[in-house]
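Structure record follows, encoded as structure tokens.
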Amino acid sequence: MNDQPSNWVRHAPGEPVFRNVNWGGLKTLYVKEVRRFFKVQLQTVWAPALTTLLFLVIFTVALGRQGRTVSIGGEAVPFADFLAPGLIIMAMIQNAFANSSFSLLVGKIQGNIVDYLMPPLSIGELMAGLVGAAVTRAILVGAAVWLAMLLWPGVHVAPSHPLALIWFGLMGSTMLALLGLLTSIWAEKFDHAAAVTNFVVAPLSLLSGTFYSIETLSPAFQAVSHANPFFYIISGFRYGFLRAADSPVLFGAFLLLAINVALAFVCYRLLRSGWKLKS
């Protein structure tokens, strides 16, 4: 027998092949997830954009006529200009959640979850690919809504603070993408994911100051709104257009960063343990 090591064996058992980041594998997973939702872009990108634009049309026609304004941060803002940024970011975060909550769940239901767990990807790389694709979908939906609103008469959506726009857009989309990833880990059927969408994501986004300023609420309901993390997403994103917000912008920026770090840590631990993913 030949005691010499085979030329085919280039690494000893247990020796990591990818010592740093597996950029090739990460790119492949990201592209796969993007292509998955882009194949049905009428449903995943353009339909949400149209629905959001209909919200703008209905509310501006019903409530925005006769020069109605909304007080925000002590400034009077036209109702349509106040409403538009909230609708854009609401569509972004809802679609980020929808995308990431579907990825692992469909793998568990169809029995091909091994396609996510077996490739030579670390837990961090797996999370980065899934969350990155969800954020990409959110950006595409937000861009489609913004372009449509640019053409709508009487609405001004020119960015006035791009840094705030980028930060709160990314932080909000990442937060919902991580929440969606947690949902896809926990859920065992589509009804579970739909329950989180209908009873958690939708109420928190609709009651976060998208359609109204919290200055019009009673002190008790203002306190409830300040306990809603979605409120800081929408308030900060609106600041990027209007330079006016219902909440301290820096506080909201650091709060969302802290929430994302906590959610990422929980996702990492659950994926590493294989909870509800490995038999």
query = For Leu271, all conditions in the list (1) surrounded by 14 or more Cβ atoms within 10 Å (Cβ to Cβ); (2) closer than 25 Å to Pro203 by Cβ hold save one; what is the number of the exception?
reply = (2)
ask   = Does the range 243-254 contain at least one residue that is buried (at least 21 other Cβ atoms within 10 Å of the Cβ) and of a type in the set (D, E, K, R)?
value = yes
note = Scanning the range 229-262 for residues that are out of contact with any helix residue (DSSP H, G or I) (no Cβ under 7 Å at 6 or more places or on another chain) and modelled with pLDDT under 95 gives Arg243, Ala244, Pro248
task = Answer with yes or no whether Ala91 is surrounded by 14 or more Cβ atoms within 10 Å (Cβ to Cβ), within 25 Å of Thr183 (Cβ to Cβ) and either charged (D, E, K, R) or touching a residue at least 40 places away in the same chain (Cβ under 8 Å) (or both).
result = yes
task = Would you confirm whether any residue within the range 224-237 is touching a strand residue (DSSP E or B) at 6+ places or on another chain (Cβ under 8 Å) and in contact (Cβ under 8 Å) with a residue 60 or more places away in the chain?
result = no
ask   = In the range 30-49, which residue that is of a type in the set (A, V, I, L, M) and in contact (Cβ under 8 Å) with a residue 40 or more places away in the chain is farthest from Gly86 (Cα to Cα)?
value = Val34
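Residue-wise test of (1) touching a strand residue (DSSP E or B) at 6+ places or on another chain (Cβ under 8 Å); (2) modelled with pLDDT of 95 or more; (3) within 18 Å of Pro48 (Cβ to Cβ); (4) crowded, with 16+ Cβ neighbours inside 10 Å.
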| residue | (1), (2), (3), (4) |
| --- | --- |
| Val157 | no, no, yes, yes |
| Ser160 | no, no, no, no |
| Trp167 | no, yes, no, yes |
| Ser173 | no, yes, yes, yes |
| Leu179 | no, yes, yes, yes |
| Leu206 | no, no, yes, no |
| Thr210 | no, no, yes, yes |
| Pro219 | no, no, no, no |
remark   = Within the range 246-262, residues being more than 26 Å from Phe221 (Cβ to Cβ) and either touching a residue at least 24 places away in the same chain (Cβ under 8 Å) or not in a helix (DSSP H, G or I) (or both) number 2
message = For the range 221-242, give me each residue that is β-branched (Val, Ile, Thr) and crowded, with 17+ Cβ neighbours inside 10 Å.
response = Ile233, Ile234
note = Across the range 16-39, the tally of residues that are assigned to a loop (DSSP other than H, G, I, E, B) and either farther than 17 Å from Val135 by Cα or in contact with a strand residue (DSSP E or B) (Cβ under 8 Å, 6 or more places away or on another chain) (or both) stands at 7
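The values are calculated or read from the model by the stated rules, or taken from the named source; none is laboratory data. Nothing here was measured: the structure is a model prediction, and the numbers come from that model. Please note: Cβ atoms are built from the backbone with ideal geometry, for glycine as well, and neighbour counts cover all protein chains shown.
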